[in-house]
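Here the structure comes first, spelled out in structure tokens, and everything after it is commentary.
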Amino acid sequence: MELEAGASTTIVEGVRLGRRATGIDLNPLAVLISRVKTTPLDEASLTEAKRSMSEIVDALQREPDYDLFGLSAMQRRSLDAVEKDPRLHDPLFNKWFQPQVLRDLIALRQGIAALPEPAVQDAALVAFSEVLRKSSTAHSGYPNVMFDKKAPRKKFFKKTTTF
């Protein structure tokens, strides 16, 4: 069963009715969202992923440096890998994300990549896409994505950030 097509409403309804559903979309984010909306997930796996991501967010909120105490070995490796990640010094990534934000984004993305189940990783990536949008230096007043040279300094995570 192919699971890609726009907002995937038709596919979701087809799956809900027990029918075969097929769709096509060129937008990789739309494909990801469609796949997440139509893939059954185990509640225990989602709960564990939320706990893991929340611990990383909590560690990121304890500035100026990551507080690695109390994190699992997997989470420590994920945060340690941030400093070695090529995106940290890539000009394109640094254009769209302020340095303090980019470091946190990379840490969170590394944590998502470390989740054991691909379907749960996909669900976390959908949530991550919203975090990316809100934390970028893109100007929000235009329908097309435009770089905002006057973007105020951003703090990546707020206490209300949840996954």
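The values are calculated or read from the model by the stated rules, or taken from the named source; none is laboratory data. No experiment lies behind these values; they were computed from the predicted model shown. Quick reminder, even Gly has a Cβ in these numbers, built from the backbone with ideal geometry, and neighbours come from all protein chains shown. Calculation scope for accessible area: heavy atoms of the full protein, side chains included, ligands and nucleic acids excluded. Shrake-Rupley method; radii C 1.70, N 1.55, O 1.52, S 1.80 Å.
Only one of the numbered conditions (1) farther than 24 Å from residue 136 by Cβ; (2) of a type outside the set (Lys, Arg); (3) surrounded by fewer than 16 Cβ atoms within 10 Å (Cβ to Cβ); (4) at pLDDT 80 or above is not met by residue 38, and that is (3). Considering only region 122-141, I want to know if a residue exists there that is surrounded by fewer than 19 Cβ atoms within 10 Å (Cβ to Cβ), within 29 Å of residue 37 (Cα to Cα), at pLDDT below 85 and of a type in the set (Val, Ile, Thr). Looking through region 122-141, at least one residue is surrounded by fewer than 19 Cβ atoms within 10 Å (Cβ to Cβ), within 29 Å of residue 37 (Cα to Cα), at pLDDT below 85 and of a type in the set (Val, Ile, Thr). Could you tell me whether any residue of region 49-68 is at pLDDT 90 or above and open to solvent by 50 Å² or more (accessible area, probe 1.4 Å)? Within region 49-68 (the criterion being at pLDDT 90 or above and open to solvent by 50 Å² or more (accessible area, probe 1.4 Å)), the answer is yes, since at least one residue qualifies. Evaluate region 71-86: report whether one residue or more is of a type outside the set (S, T, N, Q), under 28 Å from residue 39 (Cα atoms) and at pLDDT 85 or above. The answer is no, given that none of the residues of region 71-86 is of a type outside the set (S, T, N, Q), under 28 Å from residue 39 (Cα atoms) and at pLDDT 85 or above. When the residues of region 91-119 are filtered to those that are in a loop (DSSP other than H, G, I, E, B) and either under 24 Å from residue 40 (Cα atoms) or free of Cβ contacts under 8 Å to residues at least 12 places away in the same chain (or both), the one that is least open to solvent (accessible area, probe 1.4 Å) is 115.
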